[in-house]
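First up is the structure itself, then whatever we jot down about it.
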Amino acid sequence: MTNLSQNSNSKPAHAADLSQANYLVSFISVMSGETSGYRQAAIQMLEAVHKQSGFIAAYSARETDGIGITNSYWRDIEAIEAWKNDTAHRAIQNKGKTQWYQWFQLQVCEIIRQNDG
């Protein structure tokens, strides 16, 4: 984990410019015991979403107990819908529902305000 307190006045070099983000998709999940193929699928989806028009950035974290969160940032709702309906993404979603996730929750949120500091 990056320690941001070392230089709190500057944005980390790896942090994306989220000023064009109007929507955030939050995906919270708990992994099941079966994770075969998950890491490779996650890498493939990350590569694919970066090619999706309207996608801005994504950040993920997962605890050792299997609880994880991914926040992705989007320009508009149409871009989110296009990603939701992407054929490869749909296939991975189905595998997640049937194999990898014990539980999950997805929220689509409009960004009302953004503060940087």
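Residue pairs whose Cβ atoms lie under 6 Å apart, separated by 6 or more positions or on different chains, with the first residue in region 92-111 and in contact (Cβ under 8 Å) with a residue 60 or more places away in the chain and the second assigned to a strand (DSSP E or B) and hydrophobic (A, V, I, L, M, F, W, C), are Gln102/Val30; Trp103/Val30; Gln105/Ile28; Leu106/Phe27; Val108/Val25; Cys109/Leu24; Ile111/Leu24. Looking across region 58-92, the residues that are in a strand (DSSP E or B) and not basic (Lys, Arg) come down to Ala58, Tyr59, Ser60, Ala61, Ile67, Gly68, Ile69, Thr70, Asn71, Ser72, Tyr73, Trp74. Selection of region 46-77 for residues being within 10 Å of the chain's Cα centre (by Cα), under 20 Å from Arg90 (Cβ atoms) and of a type outside the set (S, T, N, Q) yields Leu46, Val49, Ala58. In the set Glu78, Glu63, Glu47, only one residue is touching a residue at least 12 places away in the same chain (Cβ under 8 Å) and among the charged types (D, E, K, R); that residue is Glu78. Taking Thr87, is it modelled with pLDDT under 95 and loosely packed, with under 11 Cβ neighbours inside 10 Å? No, not satisfied.
Kindly establish whether Thr98 is polar (S, T, N, Q), part of a helix (DSSP H, G or I) and either at pLDDT below 95 or touching an Asp or Glu at 6+ places or on another chain (Cβ under 8 Å) (or both). Here the answer is yes, as Thr98 does meet what is asked. Summed over region 61-77, the residues that are exposed (fewer than 11 other Cβ atoms within 10 Å of the Cβ) and within 20 Å of Glu47 (Cα to Cα) give a count of 1.
When region 24-57 is examined, which residues are found to be among the polar types (S, T, N, Q), modelled with pLDDT of 95 or more, loosely packed, with under 15 Cβ neighbours inside 10 Å and assigned to a loop (DSSP other than H, G, I, E, B)? Residue satisfying the conditions is Ser53 alone.
If the condition is being in contact with a helix residue (DSSP H, G or I) (Cβ under 9 Å, 6 or more places away or on another chain) and hydroxyl-bearing (Ser, Thr, Tyr), then region 15-57 contributes Tyr23, Ser29, Ser32, Thr35, Ser36, Tyr38, Ser53. Could you check region 1-21 and list, in sequence order, the residues that are modelled with pLDDT of 85 or more and more than 15 Å from the chain's Cα centre (by Cα)? Asp17, Ser19, Gln20 - these are the residues of region 1-21 that are modelled with pLDDT of 85 or more and more than 15 Å from the chain's Cα centre (by Cα).
The values are calculated or read from the model by the stated rules, or taken from the named source; none is laboratory data. What you are looking at is a predicted structure, and each value in this text was computed from that prediction instead of being measured. Counting neighbours? That spans all protein chains shown, and the Cβs are built from the backbone with ideal geometry, glycine included.
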